[in-house]
1. It is to be established whether one or more residues within segment 163-171 are part of a helix (DSSP H, G or I), crowded, with 21+ Cβ neighbours inside 10 Å and of a type in the set (A, V, I, L, M, F, W, C).
2. Just for segment 62-113: of the residues that are hydroxyl-bearing (Ser, Thr, Tyr) and under 19 Å from the mean Cα position of the chain (by Cα), which one is farthest from His164 (Cα to Cα)?
3. Residue check: is Tyr96 touching a residue at least 12 places away in the same chain (Cβ under 8 Å), assigned by TED's automatic domain parsing to the domain that holds Thr208, part of a helix (DSSP H, G or I) and farther than 16 Å from Ile136 by Cβ?
4. Six or more apart or on different chains, Cβ atoms under 8 Å: show the pairs whose first residue is in segment 228-252 and in the same structural domain as Phe265 (by TED's automatic domain parsing) and whose second is part of a loop (DSSP other than H, G, I, E, B) and of a type in the set (Gly, Ala, Ser).
5. Going residue by residue through segment 116-128, is there one that turns out to be part of a helix (DSSP H, G or I), under 27 Å from Tyr176 (Cβ atoms) and in contact (Cβ under 8 Å) with a residue 24 or more places away in the chain?
6. Based on this model, can you work out whether Val179 counts as within 17 Å of Gly259 (Cβ to Cβ), part of a helix (DSSP H, G or I) and free of Cβ contacts under 8 Å to residues at least 40 places away in the same chain?
Amino acid sequence: MCKSVKEASSSSQASQPAAAASFAGQMTCLSVVTALLAVYCKFTFVDDSTYPPKAPLHSYKIPLALTSLYLLSLPLLKSLKLPNPKSLLLPAMLLYNVFQVLLNLYTVLLILSSLSSGHPFIGSTSSPLCSLPLWIHYTNKYLEFLDTSFMLLRQRYDQVSFLHVYHHFTITWAWYIGVLLWPSGDSYFGALLNSGIHVLMYGYYSMTLMGLSCPWKKYLTLAQLCQFVSVVIYTCGCVYYNWEVLEAKHFTAMAVQVGEMASLFFLFGRFYKKSYKVKKGEKKDDLHIDECQNAIEESVENDMYVDQCAAAVKEGVVGLNEVGGVVYSRVTVGGKEKLHKKAVEKNSWSMVG
């Protein structure tokens, strides 16, 4: 027994330097990526008065290269198998999400400050006051590729859906075209709404990683749908108020924006309907109670699970045969019935869980 205690103690001591090295490595990688993004943002931003931009890095080759690398990295990251990835990546994920909250909040404040300083709410094609926050918002789309990286490294392949990859890939190109063709005036509106949504979204991720409950979790997808509709309505207003001064580049930028919003509304709408809609004529609590009761009647061989499920029946808050992120079912193998556990599929847009 003493020998076992000593072995456990020595193993724990040996793992501490490895954990520290892993944490240092994660922080170094995040710092390098963030620094590269900051340098790119700094040296490629061109004041509105000199548009169209002539900065050498502001070429279609940049988004083409980075979005291609993003797609090519998916199978590579999926092939990596980290030991205990959820705990291993927790510090880096928390730092990244808090940083995103602050960066998006900073973008929102810059835009609101510009509006209070005289930038028109609507009806402008040339006001330069929001050009900087617009450029920051665009360059942050590359940093957001880390959302997918964390999901794959944590082996949450169910979260890397078509919706998730399509969103990250196409929104980057949509914003590149937007800041290239119409980097001023009314272009700020989409960045303002999207940054505001991202403050809530990454705030939810951060709170969940810290073990805190998030009161606005269930409203996130609905808020995103409202964002898409609002941008389309605002774009129609831009056509009305700017009709006499609009050029071909403005119409192109608006067409790309509306097309992106429409496609995302369709995909997010399907996701929302699939995830949250209860069958007609059924009460949500009754549905959850019946499903959880079925799990108990299956005589699951886990007392803790039964206790938790019974508590869930009382509160009417758990769906399916699910407790602690696991669905229990019975399968027959070689003529014998065995208990089978399967991880519950999480929201495709979520980094946590």
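1. no
2. Tyr106
3. Spelling it out, Tyr96 is indeed touching a residue at least 12 places away in the same chain (Cβ under 8 Å), assigned by TED's automatic domain parsing to the domain that holds Thr208, part of a helix (DSSP H, G or I) and farther than 16 Å from Ile136 by Cβ.
4. Cys238/Gly123; Tyr241/Gly123; Asn242/Gly123; Asn242/Ser124
5. Checking segment 116-128: not a single residue is part of a helix (DSSP H, G or I), under 27 Å from Tyr176 (Cβ atoms) and in contact (Cβ under 8 Å) with a residue 24 or more places away in the chain.
6. It is false that Val179 is within 17 Å of Gly259 (Cβ to Cβ), part of a helix (DSSP H, G or I) and free of Cβ contacts under 8 Å to residues at least 40 places away in the same chain.
The values are calculated or read from the model by the stated rules, or taken from the named source; none is laboratory data. Computed from a predicted structure; not experimentally measured. Cβ coordinates were reconstructed from backbone atoms using ideal geometry, including for glycine residues, and neighbour counts include every protein chain displayed.
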